[in-house]
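J.: Would you mind keeping the following structure in view while I ask a few things?
The values are calculated or read from the model by the stated rules, or taken from the named source; none is laboratory data. Since the model is a prediction, treat every value here as computed from it, not as a measurement. We place every Cβ from the backbone using ideal geometry, glycine too, and count neighbours over all the protein chains shown. Keep in mind that these areas ignore ligands, DNA and RNA; they rest on the heavy atoms of the full protein, side chains included. Shrake-Rupley method; radii C 1.70, N 1.55, O 1.52, S 1.80 Å.
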Amino acid sequence: MISRKILTGAFAAALALSMFAVAGCSSGEPAAEAGGESGYVADGLPGLMPEDHEGRFVSMGADGCFNCHGADEDAYPILDTAQPLPADHFAGGSIESYELDNSRAECITCHAQG
Ligand code: HEC
Ligand code: HEC
């Protein structure tokens, strides 16, 4: 029992470290580019999901997130009170793709529940 707890703790720590590494990477050159097209200025860190987002990823998936935070022909973001997805979250790094980049589909690996 005890050793399992320690293992779980070690895994959580490793996961936290690797998530930090991911965030660290994206604060490099790509993030500097990301603001260009969208007007969004990245601070390099993924924001936490607000409290009212609890359970949303499980119930609606990345498409659900995209339907508020993403873009379509008429609006960017689709819901005007939602923070717009940075350009680097779109396929090909372009908002006009109106599609999510596959590498961003697992939103909650970077955007934790706040
Ligand atoms: C690989 C990590 C990663 C994934 C996966 C990811 N994001 Fe982000 N996201 C970031 C980072 C880092 C930023 C801020 C810097 C930037 O522009 O890249 C950000 C910025 C944002 C912002 C702008 C507000 C803020 O928090 O800074 C929104 C909204 C957002 N992401 C939503 C999403 C949604 C929705 C998904 C899933 C469809 C998603 N993200 C997937 C890393 C990620
Ligand atoms: C029904 C529309 C809607 C959906 C669906 C939605 N969001 Fe949001 N999201 C918002 C709004 C509006 C805000 C800003 C207001 C607030 O803080 O509640 C927000 C805020 C955020 C923020 C905080 C950004 C910042 O830097 O302050 C993140 C991160 C985020 N959402 C990610 C997600 C992810 C990931 C999903 C999918 C699991 C998702 N959202 C689904 C409307 C939505």
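J.: For residues in segment 50-75 being without any contact (Cβ under 8 Å) to a residue 24 or more places away in the chain and touching a Pro at 6+ places or on another chain (Cβ under 8 Å), which is surrounded by the most Cβ atoms within 10 Å (Cβ to Cβ)?
T.: HIS69
J.: Can you name every residue in segment 90-114 that is β-branched (Val, Ile, Thr) and open to solvent by less than 50 Å² (accessible area, probe 1.4 Å)?
T.: ILE95
J.: OK, next. Pick from segment 87-114 the residues that are among the acidic types (Asp, Glu) and within 24 Å of GLU73 (Cβ to Cβ): which of them is farthest from ligand 2 (Cβ to nearest atom)?
T.: GLU96
J.: Regarding segment 82-89, can at least one residue be identified that is open to solvent by 30 Å² or more (accessible area, probe 1.4 Å), in contact (Cβ under 8 Å) with a residue 12 or more places away in the chain and outside any loop (DSSP other than H, G, I, E, B)?
T.: yes
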